[in-house]
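One structure is given below, encoded as structure tokens.
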Amino acid sequence: MRLLAIACVLVSLATVSEARPRRHAPTKKRVAITTPAKREEAPAKREPTVRERDRSIGAPWSGRLTAPARLPRGEGYVIRRPWRSYGTRTTVDHIREAVTNTLEAYPKVHVLAIGDISAETGGAITEHRSHQSGRDVDIGLFYKSKPAGYPANFVRATEDNLDAKATWKLLWELAKTSTEEGGTQIMFLDYNVQGIVYRWAKDHDVSEKRLDRVFQYPHGRDSANGVVRHYANHDNHVHVRFKCRDRDTTCR
């Protein structure tokens, strides 16, 4: 009887245990974490480099120049007036390369005269109607022997005194930049002096195609042929004008 009572108590406790709900460890609810969409930022505007800050403004005969380059002194050429040796960086680079290439090709030639480019801020200067926006330069010619008074002064070229070989090299080095950024736009040289150089080049197997690219001669003084054109009072130097660059939006 006592055993029966104990058994009944055990059955009762088991029933109560089964009736109680089992506790489960709470589960953490996953919360989707969203991050705000990244705002697309406009690319930072690139600051112009030192070599890009120079500007040619306006026309060669009515213009000015900002943040210019200066043609450095060099071996084999003389800058006649250093205070007028300022230009756009491409102008200075093209001048220096053309002159250097010529002097390297003909190391025995006499010193070359480099005339005016522009004043430091551009604008009108004496003895010139142009040379105001850093894109014009006057360059002397080469002679069979250095003339008296040269390079301080330009000297008139003739069939007898002109070194046509070295002068052709200089003209070609300048003319071939016409396809480059800020390269040669036009050159002014007396028609008869063109003829001296043209005839030498033709006699030394320079192609007609190249000669026509460079010279107005022999097509007449009013011809639009070639990058070298006749202009009065340019029988003792060549006047080179370089092109506006894309970034010079106010250049004319």
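Since every read-out is calculated from the coordinates, none of them should be taken as a lab result. Treat the numbers as computed from the prediction; the structure is a model and nothing was measured. For neighbour counting, all protein chains shown are included, and Cβ atoms are generated from backbone atoms with ideal geometry for every residue, glycine included.
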Of the cross-linked pairs LYS146/LYS169; LYS144/LYS169; LYS108/LYS165; LYS146/LYS243; LYS165/LYS209; LYS202/LYS243, which ones have a Cα-Cα span greater than 20 Å in the structure shown? LYS146/LYS243; LYS202/LYS243
Tell me, what is the Rg over Rh of region 134-252, with Rh the Kirkwood radius over Cα pairs? 0.98
Cα-Cα separations in region 164-227 greater than 21 Å, expressed as whole percent: 15 percent
Sequence-distant residues sharing a close amide H with PHE142 (under 5 Å, placed H): ASP163, THR167
Taking H placed 1.01 Å from N in the peptide plane, check which residues at least 5 places from GLN185 or on another chain put their amide H under 5 Å from its amide H. ARG241, PHE242, LYS243
If you average 1/r over all unlike Cα pairs in region 50-242 and invert the result, what Kirkwood radius do you get in angstrom? 16.6 Å
Residues whose modelled amide H sits under 5 Å from the amide H of ALA59, counting only those 5 or more places away in sequence or on another chain, are ARG252
Using a simple spin-label model with points 7 Å from Cα along the Cα→Cβ vector, what separation in nm is obtained for THR249 and ASP205? 5.1 nm
Check each of the GluC sites (Glu not before Pro) in region 168-225 and keep only those in coil by DSSP with at most 15 other C-beta atoms within 10 angstrom; list them in order. GLU180, GLU181
